[in-house]
Amino acid sequence: MANHKSAKKRSRQTLKRNRLNRPILSKVKSSFSKFNELIDNKDPETLKKSLSTLNSTLAKAVKKGLIKKQHMARKLSSLSNQLKNIS
């Protein structure tokens, strides 16, 4: 447990930040898993829609500072290449 006033405040801030960030990261992870399930089904139309939603969730995570912009670009590039190979 924190003993100093600043350490106690930092602990409170961390808990609050975790509470706010967890749903966004969970949404990103679930979007990835849905996209991977659709890759197995090999349906290009639903894959395009899923990639679009994945793009928006990743952009929101970047905007919040949860993931880096380059990480998002790298993931979207690899997923769009997978989509291109299926089509």
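The values are calculated or read from the model by the stated rules, or taken from the named source; none is laboratory data. Please read all numbers here as calculations on a predicted model, not as lab measurements. In this analysis, Cβ positions are derived from the backbone assuming ideal geometry, glycine residues included, and neighbour counts consider all displayed protein chains. Heads up: the accessible areas ignore ligands, DNA and RNA and are worked out on the full protein's heavy atoms, side chains in. Shrake-Rupley method; radii C 1.70, N 1.55, O 1.52, S 1.80 Å.
Scan (1) within 12 Å of the chain's Cα centre (by Cα); (2) at pLDDT below 95 for the single condition ASP40 breaks and write down its number.
Only one criterion is unmet by ASP40, namely (1).
Which of (1) in a helix (DSSP H, G or I); (2) surrounded by 11 or more Cβ atoms within 10 Å (Cβ to Cβ) does ALA2 not meet, given it meets every other one?
(1) is the only condition that ALA2 fails.
Does any residue of region 17-27 turn out to be more than 20 Å from the chain's Cα centre (by Cα), exposed (fewer than 10 other Cβ atoms within 10 Å of the Cβ) and at negative phi?
Checking region 17-27: not a single residue is more than 20 Å from the chain's Cα centre (by Cα), exposed (fewer than 10 other Cβ atoms within 10 Å of the Cβ) and at negative phi.
Which residue, of THR14, THR53, is modelled with pLDDT of 90 or more and touching a helix residue (DSSP H, G or I) at 6+ places or on another chain (Cβ under 7 Å)?
Working: THR14 fails: touching a helix residue (DSSP H, G or I) at 6+ places or on another chain (Cβ under 7 Å).
Result of the check over THR14, THR53: THR53.
Look at region 65-85 and say how many of its residues are at pLDDT below 90 and open to solvent by less than 50 Å² (accessible area, probe 1.4 Å).
Residues that pass the stated criteria total 1.
Mind counting the residues in region 39-61 that are open to solvent by less than 40 Å² (accessible area, probe 1.4 Å) and within 30 Å of ASN18 (Cβ to Cβ)?
Of the residues in region 39-61, 6 are open to solvent by less than 40 Å² (accessible area, probe 1.4 Å) and within 30 Å of ASN18 (Cβ to Cβ).
Yes/no matrix, rows are residues, columns are (1) of a type in the set (S, T, N, Q); (2) more than 18 Å from GLN82 (Cα to Cα); (3) in contact with a strand residue (DSSP E or B) (Cβ under 8 Å, 6 or more places away or on another chain); (4) without any contact (Cβ under 8 Å) to a residue 24 or more places away in the chain:
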site	(1), (2), (3), (4)
ASP40	no, no, no, yes
ASP43	no, no, no, yes
SER52	yes, no, no, yes
LEU58	no, no, no, no
VAL62	no, yes, no, yes
